[in-house]
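Note sheet for the following structure.
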Amino acid sequence: MISAIESLATGNSRDSDLARSDQRYQPLVVVALALVTGIVIDHADWLVLAKLRDVSLWSAAFVGLVAWWCFWRGGHPAISAWFLLFTISLTGGAWHDLRWNAFSSHDIGRYATQKTEPTCVTAIVLAGPESVPPTPATPLRAIPGGERTRLQIDLTGIRDGTAWLPAGGRCQLLVDGHLLGVRPGDELQIYGQLRRPARPMNPGEFDFASHARAEHRLGAIASRSPDCVTITSAVRFGSPQAILGAIRERGKQLLQAYVGREQAPLAAAILLGMREDLPDEELLPFFLTGTIHVIVVSGLNVGILALGLMWLQRTELVSRRASLLAIIIVVLSYTLIAGAQPPVVRSAVLVVLLCMAAWTGRRGGAFNALAAAVIIVLAGNPAQLFRTGTQLSFLCVAVLIWVNELFGNPLRDESDPLDRLIAASRPWYSRASRNAILWTMWLFITAAVVWLATLPLVLQRFHLASPAAMVIAPAVWLLALVTMWAGFITLACGWLVPIAAMVAGKVCSWSLAGLAGIVDWAEGLPGGHFWAPGPATWWIVGFYLGLMAVMLWGRALVPPRWQLGVLCAWIAIGLTPPLVKHWFPEDDLRCSFIAMGQGTCVVVETPDGQTLLYDAGSLGSPEYATEIVAGYLWHRGIMHIDGIILSHADVDHYNAVPGLLKRFDVGAVYVSPAMFDWYGATGPMDAPEVLKQALTEAAVPIREIWSGDRLRLGEVTIDVIHPPRDGAIASDNANSITVTIEFAGRRLLLPGDLETPGLEEVIAELPIDCDLLMAPHHGSRRSDPPGFAAWSTPEWVVISGESDSDSEVQRAYRSAGAEVLNTGQLGAVQFCLNRSQIEATIWLDRREGLSR
């Protein structure tokens with residue numbers, strides 16, 4: 001795409017040698033690197049800049065600027081250049097510090113806490129409402145979700161009793177139901193629940209708090225009904241926000257009218273960035289096949305739009321400069337309509353710079369233009385540097401530029417006039433087939449190089465590799481090209497030329513159907529995608545620094561064979577830690593209680609490298625529960641689960657298992673005889689049937705266990721002490737599988753949701769002296785905390801549940817001499833057990849030293 005736009009903009013390649021020499025002089029690359037360095041150092045609070053922050057980074061930058069001026073005027077260009085780069089780094093760090101840490105004294109974040117609190121605020125709508133589709137009904141979801149509406153707002157006031165206090169700052173509003181009649185610029189009065197964005201409670205979990213802070217948001221408000229939101233002052237239609245919102249909404253209506261309601265949600269996502277009508281089940285195949293970039297408004301959209309306009313330029317219906325000016329205006333307008341996201345801004349900057357170069361008759365370096373886009377994006381928001389989408393966007397473009405320089409492109413004419421003459425004398429079908437073959441080969445090569453270059457970053461952030469993306473790349477790119485141009489024509493002609501819009505809409509609909517069909521086919525390819533832990537951050541940084549050096553300096557750096565040798569050595573270094581972990585196992589038993597909200601998951605890692613899960617579920621979304629557990633396992637470098645013990649048939653203890661079966665190899669699943677039995681069930685029994693079907697499809701054996709059974713994982717012994725073979729005549733909670741896990745003289749007790757009468761049956765047996773206990777039934781009073789504590793005499797008690805656990809329950813266990821930890825308050829809690837001590841690590845505190 002980059003090479004095609006460049007070729008069309010310049011008209012020919014007669015200055016290719018000059019262009020290659022010009023590309024070696026790319027000063028903005030060095031400026032961008034200096035800017036990025038300052039932002040990274042400030043973000044990490046490293047060394048010099050962290051200390052200078054107290055003095056003022058802006059003052060230091062000003063001093064550096066003065067030094068640059070003095071040395072430059074004094075005839076010392078080399079020294080002045082270093083001072084200039086130093087000043088740029090300081091400015092980048094200062095700007096990031098200002099955007100990341102500086103908030104108004106009236107910012108809504110000053111009022112918000114991690115606990116939800118009722119609030120009443122006034123705000124101005126920043127962007128049009130986005131409809132969040134209801135979650136699909138499934139037996140594995142204990143609490144079904146309805147339709148919601150999401151708004152980005154800017155706070156203006158907050159009520160304290162009867163008085164109004166000034167408030168400010170951006171905030172996200174989530175309303176249950178469909179919010180009607182709200183437009184950008186409207187003033188609202190909102191009743192809802194205020195809290196800070198959710199922080200990660202487990203290793204490997206997505207950090208929503210940092211994501212929101214990067215957008216300068218420290219608060220989130222949830223309202224239970226659209227009636228809680230009142231428009232106090234409607235915006236004038238002529239305002240910029242209202243105009244852009246109206247254009248986007250009108251575009252959505254045109255797509256529904258001409259593309260068809262079946263394909264309109266996908267078309268709106270691709271062309272306008274409006275994904276609210278696109279359900280998650282339609283997004284998932286694109287994600288799994290590595291083609292998710294196609295259905296979001298990205299630089300690809302802008303590139304295709306610019307490419308088509310530059311092709312029209314060759315018709316010479318208007319002057320060259322007039323057509324270049326039209327391209328700039330159209331691209332910038334589309335960037336605003338599409339929301340001006342960083343990938344779109346990046347591509348728009350590249351197109352504008354390319355048009356300006358063609359206007360002046362100059363050829364600049366492609367990496368220089370990309371560096372200019374980096375500077376502009378970071379000037380808008382330096383925190384974008386740490387967004388995965390931004391990183392992948394710039395990385396893909398850099399790789400495309402590099403591939404174009406290495407292999408050329410099919411659009412470039414042969415340099416020899418005789419070759420051009422011979423090519424022109426061939427029949428049209430021969431030329432067409434030859435060009436098609438060249439284009440296909442070039443697309444395959446490009447897709448393969450881009451996939452390999454982005455694989456480490458994608459693995460680290462998403463733990464997903466999709467080789468199928470290389471296989472379907474030519475078809476996807478062709479259909480995306482047809483879809484986008486047919487969609488652009490539909491949007492442009494739908495206002496005035498309905499017949500043209502109707503034809504283009506049909507073409508767009510057919511291409512969208514073909515695109516979805518190819519993606520669905522690729523999703524089912526054997527080996528088309530797989531899940532795996534990602535490489536460490538230090539390895540990622542080293543890999544991409546080396547790749548950047550190769551892109552910029554190529555053979556001038558070292559010969560290609562040495563570059564390949566360094567790459568192989570770096571891959572070997574990255575594989576060393578997991579190999580060392582496998583060859584030299586630890587001496588401790590590691591037991592981790594994952595924070596699942598109202599749910600349970602205990603991960604047991606044996607010294608010889610085996611992994612056992614005790615339950616895996618949450619009361620909310622099964623997809624979210626799967627992400628939490630899988631993220632923790634990948635964080636630990638785990639790819640195989642030797643066994644899963646499911647305590648009983650409540651979905652908050654197993655609804656993550658079907659998702660885990662798709663991501664990990666599982667040796668066996670252990671259940672009680674009552675797990676799939678209707679008798680005594682407290683909830684719908686179709687959920688266990690869904691679980692059983694998932695296990696059958698994954699060919700995972702189901703093994704029943706009951707009291708008296710013993711399992712062994714190397715030196716670790718697991719004894720089942722409840723339920724009996726025939727079970728208790730009561731609820732499924734009373735039949736929870738209760739096990740003890742012993743290693744090196746240490747004992748863990750995991751009782752699930754054990755309650756009456758099964759609880760009395762267990763306590764009636766001989767007392768068990770345990771070192772570590774998971775409180776029965778998430779620390780419920782119905783689990784007889786005083787009696788169970790006296791029977792088991794634990795040193796540590798972990799309550800796996802919500803943040804507000806019963807104080808009386810905690811008091812009962814503490815009275816028995818136990819240290820009580822709550823995953824809802826502290827996040828994941830990890831224990832290392834050996835003969836000498838038990839050591840606990842709390843995720844949110846990141847502190848060790850709690851030991852006995």
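Values as computed for the structure displayed
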{"item": "Residues satisfying the stated conditions in the range 603-653, i.e. in contact (Cβ under 8 Å) with a residue 60 or more places away in the chain, among the hydroxyl-bearing types (Ser, Thr, Tyr) and either out of contact with any Cys (no Cβ under 9 Å at 6 or more places or on another chain) or open to solvent by 30 Å² or more (accessible area, probe 1.4 Å) (or both)", "result": "THR606, SER621, SER647"}
{"item": "Any hit, the range 519-533, residues being of a type in the set (Gly, Ala, Ser), within 19 Å of LEU272 (Cβ to Cβ) and outside any helix (DSSP H, G or I)", "result": "no"}
{"item": "Single unsatisfied condition, LEU711 versus (1) free of Cβ contacts under 8 Å to residues at least 60 places away in the same chain; (2) open to solvent by 20 Å² or more (accessible area, probe 1.4 Å); (3) outside any loop (DSSP other than H, G, I, E, B)", "result": "(1)"}
{"item": "Residue count for the range 436-469, restricted to those that are among the hydroxyl-bearing types (Ser, Thr, Tyr), surrounded by 17 or more Cβ atoms within 10 Å (Cβ to Cβ) and more than 26 Å from TRP634 (Cα to Cα)", "result": "1"}
{"item": "Search result, residues across the range 339-356 that are touching a residue at least 60 places away in the same chain (Cβ under 8 Å) and open to solvent by 20 Å² or more (accessible area, probe 1.4 Å)", "result": "GLY339, GLN341, LEU350, LEU354"}
{"item": "The range 44-83, residues that are under 31 Å from the mean Cα position of the chain (by Cα) and either among the charged types (D, E, K, R) or at pLDDT 85 or above (or both)", "result": "ASP45, ARG53"}
{"item": "Pair list, Cβ under 8 Å, 6 or more apart: the range 513-527 residue among the charged types (D, E, K, R), other residue in a loop (DSSP other than H, G, I, E, B) and open to solvent by less than 40 Å² (accessible area, probe 1.4 Å)", "result": "GLU523/THR289"}
{"item": "Of all residues in the range 262-278 being in a loop (DSSP other than H, G, I, E, B) and at pLDDT 85 or above, the one that is farthest from the chain's Cα centre (by Cα)", "result": "GLU262"}
{"item": "Within the range 264-289, tally of residues that are open to solvent by 30 Å² or more (accessible area, probe 1.4 Å) and more than 27 Å from VAL182 (Cβ to Cβ)", "result": "3"}
{"item": "Residues of the range 786-805 classified as assigned to a helix (DSSP H, G or I) and open to solvent by less than 10 Å² (accessible area, probe 1.4 Å), total", "result": "3"}
{"item": "Extreme residue, farthest from SER333 (Cα to Cα), among residues of the range 482-500 that are of a type outside the set (Ser, Thr, Tyr) and open to solvent by less than 50 Å² (accessible area, probe 1.4 Å)", "result": "ALA500"}
{"item": "Selected residue (criterion: nearest to PRO786 (Cα to Cα)) from residues of the range 750-764 that are of a type in the set (Val, Ile, Thr) and open to solvent by 10 Å² or more (accessible area, probe 1.4 Å)", "result": "ILE763"}
{"item": "Some residue of the range 698-706 being more than 28 Å from ARG663 (Cβ to Cβ), assigned to a strand (DSSP E or B) and not hydroxyl-bearing (Ser, Thr, Tyr)", "result": "no"}
{"item": "Residue among VAL503, VAL519 that is crowded, with 18+ Cβ neighbours inside 10 Å and either among the aliphatic types (A, V, I, L, M) or farther than 18 Å from LEU266 by Cβ (or both)", "result": "VAL519"}
{"item": "Selection count where residues are touching a strand residue (DSSP E or B) at 6+ places or on another chain (Cβ under 8 Å) and either polar (S, T, N, Q) or under 30 Å from PRO240 (Cβ atoms) (or both), scope the range 129-173", "result": "27"}
{"item": "Qualifying residue in the range 535-545 (condition: at pLDDT below 85 and either closer than 29 Å to TRP634 by Cβ or of a type outside the set (D, E, K, R) (or both))", "result": "no"}
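The values are calculated or read from the model by the stated rules, or taken from the named source; none is laboratory data. Computed from a predicted model, the values in this text were never measured in an experiment. Neighbour counts run over all protein chains shown; Cβ positions are idealised from the backbone, glycine included. Heavy atoms of the whole protein, side chains included, go into the accessibility calculation; ligands, DNA and RNA do not. Shrake-Rupley method; radii C 1.70, N 1.55, O 1.52, S 1.80 Å.
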